[in-house]
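Undergrad: Would you mind keeping the following structure in view while I ask a few things?
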Amino acid sequence: MNIHIEQHKADKPNLVLLHGWGTTSAIWQAWLPQLKENFSVTCIDLPGLGKSFSNKEHLSIEDTLSVLVEHIPAKSTLLGWSLGGVIAILLAQRLTDKVVRVITIASNPCFVSTDDWQNAMQKEIFEKFSKQLVSDQKEILAGFFKLQSLSGSEARPILKALKKIDSEADHSHLHDTLGLLNIDCRDSLKTLTIPSLHFYGQKDNLVPVILADILPEWSEYITTVAVPEAGHLPFLSDGQMISAEIAKFIGCIDGEVH
């Protein structure tokens, strides 16, 4: 399996960026200059997405994690957006010797509803989405991107950015990665014993902002931030604010790293 990585090395704390489903690491480009001010940044295309090609028909979470663990630098903070947040949590659970913090943005620890978790996409809707993706991938993706950018500030430029990434991406293995959205990592997050910070957009159509109230009840290590007026991509609409919160969380303001 070929993994595509872009590294922006510096003598600063390590920050690894993990993108969401249906996109690539190109989603970070507009925000990257702000992050590079404080961090040594590694951008990874998730297996089966972007330029990280896979020869497997259906990628399991074990396939994904076993490939990614080799590319995480020591003393890293993992930052995952949407599905990338789930991957970040599971990697942190596995790499206790390498990962020191986890940050998620617009991520749900369980994206598909279960009997004891209704703060997610209904199972029937997910199954319908999966079937439609096979028959009309282009139209389904267009609708998915539009849903992500419908609400929140900066909706129009965000949709434009998503369309640009879509036009440049290789989606030949997209359906093979869909099962990753069906992962439940609630227990993994609850048992993490490293600090974690979770951002939620108050106008996100995909991930309910109520998670900002629920998650801190699970563990003393969990902190959440609700971003006013933001949708599913708050790092594009409110990048400066989120960058400042992350720098404060990691403790790299004035050169101090905790």
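The values are calculated or read from the model by the stated rules, or taken from the named source; none is laboratory data. Computed from a predicted structure; not experimentally measured. Virtual Cβ from ideal backbone geometry, glycine too; neighbours counted across all protein chains shown.
Undergrad: Could you figure out which of (1) within 19 Å of residue 239 (Cβ to Cβ); (2) modelled with pLDDT under 90 isn't true of residue 130?
TA: Going through the list (1) within 19 Å of residue 239 (Cβ to Cβ); (2) modelled with pLDDT under 90, residue 130 breaks only (1).
Residues are listed down the side, and each one gets a yes or a no for (1) among the aromatic types (Phe, Trp, Tyr); (2) crowded, with 16+ Cβ neighbours inside 10 Å; (3) farther than 30 Å from residue 39 by Cβ; (4) in contact with a Phe, Trp or Tyr (Cβ under 6 Å, 6 or more places away or on another chain):
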position	(1), (2), (3), (4)
96	no, no, no, no
99	no, yes, no, no
104	no, yes, no, no
107	no, yes, no, no
110	no, yes, no, yes
114	no, no, yes, no
120	no, yes, yes, yes
131	no, no, yes, no
137	no, no, yes, no
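Undergrad: Being more than 24 Å from residue 233 (Cβ to Cβ) and either in contact (Cβ under 8 Å) with a residue 12 or more places away in the chain or in contact with a His (Cβ under 6 Å, 6 or more places away or on another chain) (or both) narrows it down to one residue among 123, 98; which is it?
TA: Going through 123, 98 in turn, the sole match is 98.
Undergrad: Can you work out which of the residues in the range 203-227 that are at pLDDT 95 or above and part of a loop (DSSP other than H, G, I, E, B) is nearest to residue 149 (Cα to Cα)? Give the derivation first.
TA: Filtering the range 203-227 for residues at pLDDT 95 or above gives 207-227.
From what's left, part of a loop (DSSP other than H, G, I, E, B): 207-210, 218-221.
Numbers: 207: 13, 208: 15, 209: 16, 210: 19, 218: 30, 219: 31, 220: 32, 221: 31 Å.
Ranking the candidates gives 207 first.
Undergrad: Further, regarding this structure: Residue check: is residue 172 at pLDDT below 85 and surrounded by fewer than 15 Cβ atoms within 10 Å (Cβ to Cβ)? Can you show your working first?
TA: Numbers: at pLDDT below 85: yes; surrounded by fewer than 15 Cβ atoms within 10 Å (Cβ to Cβ): yes.
So residue 172 passes the test.
Conditions (1) at pLDDT below 95; (2) of a type outside the set (A, V, I, L, M, F, W, C); (3) touching a Phe, Trp or Tyr at 6+ places or on another chain (Cβ under 8 Å); (4) assigned to a loop (DSSP other than H, G, I, E, B), marked per residue:
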| residue | (1), (2), (3), (4) |
| --- | --- |
| 1 | yes, no, yes, yes |
| 22 | yes, yes, yes, yes |
| 26 | yes, no, no, no |
| 48 | yes, yes, no, yes |
| 52 | yes, yes, no, yes |
| 57 | yes, yes, no, yes |
| 64 | yes, yes, no, no |
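Undergrad: Moving on. Which one of 181, 206 is touching a residue at least 60 places away in the same chain (Cβ under 8 Å), hydrophobic (A, V, I, L, M, F, W, C) and under 22 Å from residue 93 (Cα atoms)?
TA: Values: 206 fails: under 22 Å from residue 93 (Cα atoms).
Matching residue, one of 181, 206: 181.
Undergrad: Which one is farthest from residue 200 (Cα to Cα) among residues in the range 101-120 that are more than 17 Å from the chain's Cα centre (by Cα) and in contact (Cβ under 8 Å) with a residue 40 or more places away in the chain? Write out each step before concluding.
TA: Residues of the range 101-120 that are more than 17 Å from the chain's Cα centre (by Cα), as a first pass: 113-119.
With the extra rule that they be in contact (Cβ under 8 Å) with a residue 40 or more places away in the chain, the set shrinks to 114, 117, 119.
Working: 114: 21, 117: 18, 119: 13 Å.
Across the range 101-120, the extreme among qualifying residues is 114.
Undergrad: Regarding the range 223-242, can at least one residue be identified that is more than 16 Å from the chain's Cα centre (by Cα), surrounded by fewer than 16 Cβ atoms within 10 Å (Cβ to Cβ), touching a residue at least 40 places away in the same chain (Cβ under 8 Å) and under 18 Å from residue 106 (Cα atoms)?
TA: yes
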